[in-house]
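Written below as structure tokens is the structure these notes are about.
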Amino acid sequence: MMTAGVLTPYQMIKPAAGRLGLALLAGTGAAGAAIALTACSAWLISRAALHPPVLHLMVAIVAVRACGLSRGVLRYLERLLGHDAAFRILGAVRVRLYRRLEQLAPAGLADFRRADLAQRLASDVDAVLDLVTRVVLPFCVALLTGLAAVLVVGALVPAAGITLALGLLVVAVGVPLLQRAATRRADGRLAPLRGQLATEVIDLLHGLPDLSAYGATRSRLSRIDAIDARLTAAGRRSALMTGMSAAVTTLSSGFCVLAGLVAGAAAVRSGSLPGELLALVVLTPLAVFEVAGPLPAAAQTYESAKASLRRLNELWTTPSPVVDAARVPSPRVSPSRVPEIRIEGVTAGWVPGRTAVRDVDLVLPAGARVTLTGPSGSGKSTIAALLVRFLDPRQGRITLDGVDLRDIPADRVREIVGYLPEDAYLFDTTIGDNLRIAKPDATDADLRAALRAARLLDWVETLPDGLTTLVGEHGMALSGGQRRRLALARMLLTDARVLIFDEPAEHLDEETAAALTRDLLDAAGDRTVLLITHHTTGLHPGVSHPDVLQPTGTDSGIGAVTAGRVMVNVLPRPTTD
């Protein structure tokens, strides 16, 4: 098993670093224009009060107009480029995350709740956008413009420049550090608590009928109330610190203005500063703190984003249950032919430290019809997962026409070996769209052929909307048997040459289960079929097949799988006319 490595802020920003750099330049220009507008306006008003010739004011008048126009244009460019960069980064992170989930599913996601995963895909990924637009850009812009303002004010009145520098340090460094110490726990818990709340709410909605039947709704609501109370308390502590930070920023700004006024007045009195520049020294800090004011909130956003980033990295650092080799598969492996599959001394498990199957040996000859039977928990589904590379063996190997499955890309294996799980998912869309998941370019004639093979076409043709009929969430608009047959039709629509059916008749009555089993075996044609079930009703084992089963334990069965509780039966192969 291997991990995908940790996702760092630098790796996130890298895909749009150029646009982010342009946004930084535009933002710095806009902030500089705003500060310059205040400074030029202050000087212009002060100078105009002395009634000089108008020509002496023309440069300042043009500067005011230029700063006023450029501030709006540059601010627009900064927002445009910054959000464009942020959404590009967001898209790259989401695509990378989806690919990671594809690598992990289903075995690698066993420790994650579905609602919590959805929260990570939504809110936690959105935190990446906040990290760029509300943290990186504001801090960089404030750093550059603040430094320039300190140099200008300090060149006129050193004491005012030093005071402005100290005020900016308090707002940009001191307040965020205090914020981090005071609210680190609160902000760090916001993302996990949101995930817990989403999980509990989804569980409540999905399990509401059962909870109501057992009178457990009140206790479940109490759990949600408790989580919501903790989330509200964390949000309240975070908001309290935000308010305190805003107060400190306002006080720092006022102190810098007052200090500039005192120091500037002293400089004017001593003759070291022209009187018309006093307004510039006094009012410039106000403009600077408008730029630096969002920094405490940006620091708080950074803490929340870090918590979200940690949750995303939990996915990236989860070991992959399957690792694709770089080697090219053997030419003997062809999706168009029915292969022979061999399981040789395989030991595997879903969770590290726990073994689901041990020392398994099994042969599936080309075109064979094999049933794998046994009680729940005996390892049947684990064997199916191994055959489609949802898992890789810890020991032993599985070969397809003599080629180790680990030497074949997982996607290529699944083109050859098709798997219909017990809980096959139906999407909340039409019958036709559910079928086209298996073959996107399938025509309506292809869909009808698959439905006919699954013995479902007659029913579909009685529907007013036919193939465009909506099946509802999880296929709830269909009966249990119809859902199973629709999933079967989707499987038959693929070009897979080996078909694995995991409990296809589960939860169906005996007559319907037997009919469905006969239909799927008939529809499989000349393809290899592995039928996994713990029901033997309606199955008629054929003669012993010495090439199919090679037990290694003392009990009959498939090796030593959970004390030999799994049994293999070979069904007669289909006859051809």
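The values are calculated or read from the model by the stated rules, or taken from the named source; none is laboratory data. Predicted, not measured: the structure shown is a model, and the values here were computed from it. Using ideal geometry, Cβ is built from the backbone for each residue, glycine included, and neighbour counts are taken over all protein chains shown.
Could you go through region 289-296 and let me know if any residue there is outside any helix (DSSP H, G or I) and at positive phi. Within region 289-296 (the criterion being outside any helix (DSSP H, G or I) and at positive phi), the answer is no, since none of the residues qualifies.
Would you mention how many residues in region 1-46 are of a type outside the set (S, T, N, Q) and modelled with pLDDT of 85 or more? The total comes to 25.
Rundown of residues vs (1) surrounded by fewer than 23 Cβ atoms within 10 Å (Cβ to Cβ); (2) closer than 30 Å to Ser238 by Cβ; (3) modelled with pLDDT of 90 or more; (4) not assigned by TED's automatic domain parsing to the domain that holds Val64, yes/no style:
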site	(1), (2), (3), (4)
Val262	yes, no, yes, no
Val282	no, no, yes, no
Pro285	no, yes, yes, no
Phe289	no, yes, yes, no
Ala292	no, yes, no, no
Thr301	yes, yes, no, no
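The residues of region 107-138 that are within 13 Å of Val93 (Cα to Cα) and in contact with a Ser or Thr (Cβ under 6 Å, 6 or more places away or on another chain), listed by number, are Asp124, Ala127. Working carefully through the options Gln119, Gln179, find the one that is within 22 Å of Ala234 (Cα to Cα), touching a Gly at 6+ places or on another chain (Cβ under 7 Å), touching a residue at least 40 places away in the same chain (Cβ under 8 Å) and assigned to a helix (DSSP H, G or I). Answer to the check: Gln119.
Looking at this structure, is Gly32 assigned by TED's automatic domain parsing to the domain that holds Cys140 and without any contact (Cβ under 8 Å) to a residue 40 or more places away in the chain? Spell out the reasoning first.
On the way: assigned by TED's automatic domain parsing to the domain that holds Cys140: yes; without any contact (Cβ under 8 Å) to a residue 40 or more places away in the chain: no.
No; evaluated as a whole, the condition is false for this residue.
Results for (1) of a type in the set (Phe, Trp, Tyr); (2) crowded, with 22+ Cβ neighbours inside 10 Å; (3) more than 24 Å from Ser320 (Cα to Cα), shown as yes or no for each residue.
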| residue | (1), (2), (3) |
| --- | --- |
| Leu362 | no, yes, yes |
| Pro365 | no, no, yes |
| Thr373 | no, no, yes |
| Leu387 | no, yes, no |
| Pro393 | no, no, no |
| Leu400 | no, yes, no |
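Right, Ala325: outside the structural domain of Arg490 (by TED's automatic domain parsing) and either at pLDDT below 85 or assigned to a helix (DSSP H, G or I) (or both) or not? It is true that Ala325 is outside the structural domain of Arg490 (by TED's automatic domain parsing) and either at pLDDT below 85 or assigned to a helix (DSSP H, G or I) (or both).
Selection of first residues in region 290-306 that are touching a residue at least 40 places away in the same chain (Cβ under 8 Å) and of second residues that are surrounded by fewer than 24 Cβ atoms within 10 Å (Cβ to Cβ) and of a type in the set (Phe, Trp, Tyr), restricted to Cβ pairs under 7 Å at least 6 apart or on distinct chains, gives the following pairs, ordered by first then second residue: Leu295/Phe139; Ala298/Phe139.
Here is a yes/no grid of residues against (1) modelled with pLDDT of 80 or more; (2) within 21 Å of Lys380 (Cβ to Cβ); (3) aromatic (Phe, Trp, Tyr):
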site	(1), (2), (3)
Leu470	yes, no, no
Leu493	yes, no, no
Ala496	yes, yes, no
Asp509	no, no, no
Ala513	no, yes, no
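With a requirement of 3 or more residues that are touching a helix residue (DSSP H, G or I) at 6+ places or on another chain (Cβ under 6 Å), of a type outside the set (Ser, Thr, Tyr) and under 19 Å from Thr528 (Cα atoms), the strands (runs of 3 or more DSSP E) lying completely within region 336-455 that satisfy it span 417-420.
If only one of Ala198, Ala186 is modelled with pLDDT under 85, touching an Asp or Glu at 6+ places or on another chain (Cβ under 7 Å), in the same structural domain as Ala39 (by TED's automatic domain parsing) and among the aliphatic types (A, V, I, L, M), which one is it?
Values: Ala186 fails: touching an Asp or Glu at 6+ places or on another chain (Cβ under 7 Å).
Just one listed residue meets the conditions, Ala198.
May I ask you to verify whether Leu240 is at pLDDT 90 or above, exposed (fewer than 15 other Cβ atoms within 10 Å of the Cβ) and not β-branched (Val, Ile, Thr)? No; evaluated as a whole, the condition is false for this residue. Scanning region 468-480 for residues that are in contact with a Leu (Cβ under 6 Å, 6 or more places away or on another chain) and buried (at least 18 other Cβ atoms within 10 Å of the Cβ) yields a count of 2. Considering region 74-111 alone, what residues qualify as being among the small types (Gly, Ala, Ser), under 20 Å from the mean Cα position of the chain (by Cα) and over 13 Å from Trp316 (Cα atoms)? Within region 74-111, Ala85, Ala86, Gly91, Ala92, Ala107, Ala110 qualify. Going through (1) more than 25 Å from Thr145 (Cβ to Cβ); (2) in contact with a Phe, Trp or Tyr (Cβ under 7 Å, 6 or more places away or on another chain) one by one, Glu276 falls short only on (1).
A single member of Val59, Val64, Val152 is assigned by TED's automatic domain parsing to the domain that holds Gly18 and either in contact (Cβ under 8 Å) with a residue 60 or more places away in the chain or under 15 Å from the mean Cα position of the chain (by Cα) (or both), and it is Val152. Mind listing whichever residues of region 117-133 are charged (D, E, K, R) and surrounded by fewer than 20 Cβ atoms within 10 Å (Cβ to Cβ)? If the condition is that a residue be charged (D, E, K, R) and surrounded by fewer than 20 Cβ atoms within 10 Å (Cβ to Cβ), then Asp126, Asp130 are the ones that fit. Does region 482-515 hold any residues that are in a helix (DSSP H, G or I), of a type in the set (A, V, I, L, M, F, W, C) and under 21 Å from Ala442 (Cβ atoms), and which are they? Passing the criteria: Leu486, Ala487, Leu488, Ala489, Met491, Leu492.
Picking from Ala234, Ala226, which residue would you name as being in contact with a Lys or Arg (Cβ under 7 Å, 6 or more places away or on another chain) and assigned to a helix (DSSP H, G or I)? So that I can check it myself, show each step before the final result.
Numbers: Ala226 fails: in contact with a Lys or Arg (Cβ under 7 Å, 6 or more places away or on another chain).
Of Ala234, Ala226, the one residue that is in contact with a Lys or Arg (Cβ under 7 Å, 6 or more places away or on another chain) and assigned to a helix (DSSP H, G or I) is Ala234.
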